[in-house]
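Following: one structure in structure tokens, then a few remarks.
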Amino acid sequence: MSNDDALQPRKGTVVESIVQSLADDIVSGELTPGTKLDARATADRFGVSRTPIRETFGHLAAMGLVTHRPNRGVVVATLSPEALNDLYEAMAELEASLARLAALRMNSEQREELARLHKESIHLVRDGTSDDYDRFNQSFHSLIFESARSPQLQQLAETTRTRLAPFRRAQFRLNNRLSKSWEEHDAIVRAILAGEADDVARLMRAHVQTVSAMSAEFVAEHQRRPADTFARGVER
């Protein structure tokens, strides 16, 4: 399995669902640093064999959420604020560059699609769940990535985004974050449609920096929560 494959489980698979669930548990503090993830207990929890669980652990390790320790097996990693900030700093620069190129290179069909996606997302702010908005958010940013027509930058951004996915998802559980995110997207969309490349880069960088701050806030609020070791099928 290549590094990129380890980071990105196939969409819509059982493994992807389990990776997302365990990643959310780690980020939210339901599974605390040092907790051992037992393959058999985890397989029982999700009603699967141990084969997809082993694949899941590989994805989580590639994301930096778990480590393999001699004689201990798979253990929840300590979430370093410095490492998280470093990833977000890289993400901010990558997305700013891609957004700038998208403003210059986006064709008319892509502009229409971006405007449509953004307009429809207001309903998710009012009536949707954080998971609904997260799925839209991925589509929104992916369209900008593709519109930049820079395969190397896009690959780097997608790999970094995958590592940050559980943290980016967590931000949407904070009060009023959906509406604030929509407002930030609105400014970005307006600048892209106007072809204001430098403004788009500035706005996208600020957007990702805000996401970084919100993610850090969520982690800080939730990492003190003790793990429910019996309900979660894990060991200490």
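A count restricted to region 133-165 and to residues that are open to solvent by 50 Å² or more (accessible area, probe 1.4 Å) and part of a helix (DSSP H, G or I) stands at 10. Restricting region 174-193 to residues that are among the hydrophobic types (A, V, I, L, M, F, W, C) and in contact (Cβ under 8 Å) with a residue 24 or more places away in the chain, the residue that is most open to solvent (accessible area, probe 1.4 Å) is Leu193. Tell me, please, whether a residue that is under 30 Å from Val200 (Cβ atoms), more than 16 Å from the chain's Cα centre (by Cα) and either open to solvent by 20 Å² or more (accessible area, probe 1.4 Å) or at pLDDT 95 or above (or both) can be found in region 82-90. Yes, region 82-90 contains at least one residue that is under 30 Å from Val200 (Cβ atoms), more than 16 Å from the chain's Cα centre (by Cα) and either open to solvent by 20 Å² or more (accessible area, probe 1.4 Å) or at pLDDT 95 or above (or both).
So, Ala99, is that one surrounded by 20 or more Cβ atoms within 10 Å (Cβ to Cβ), under 19 Å from the mean Cα position of the chain (by Cα) and farther than 20 Å from Arg169 by Cβ or not?
Yes, satisfied.
Under the condition of being of a type outside the set (S, T, N, Q) and assigned to a strand (DSSP E or B), which residue from region 57-80 is nearest to the chain's Cα centre (by Cα)? Top of the filtered list is Val66. Taking (1) open to solvent by less than 10 Å² (accessible area, probe 1.4 Å); (2) at pLDDT below 95 in turn, Thr129 satisfies each apart from (1).
Just to check your reading of the model, which residue among Arg54, Arg40 is assigned to a helix (DSSP H, G or I), surrounded by fewer than 16 Cβ atoms within 10 Å (Cβ to Cβ) and in contact (Cβ under 8 Å) with a residue 12 or more places away in the chain? First the steps, then the outcome.
Details: Arg40 fails: in contact (Cβ under 8 Å) with a residue 12 or more places away in the chain.
Residue meeting the stated conditions: Arg54.
Taking each residue of region 114-129 that is in contact (Cβ under 8 Å) with a residue 40 or more places away in the chain and looking for partners that are in a loop (DSSP other than H, G, I, E, B) and open to solvent by less than 70 Å² (accessible area, probe 1.4 Å) with beta-carbon atoms closer than 9 Å, six or more apart or interchain, yields Leu114/Met106; Ser121/Gly128.
The values are calculated or read from the model by the stated rules, or taken from the named source; none is laboratory data. Quick caveat: nothing in here was measured; it's all calculated off a predicted structure. Every residue, glycine as well, gets a Cβ built from its backbone with ideal geometry; the counts of neighbours run over all protein chains shown. With ligands, DNA and RNA removed, areas are computed over all heavy atoms of the protein, side chains included. Shrake-Rupley method; radii C 1.70, N 1.55, O 1.52, S 1.80 Å.
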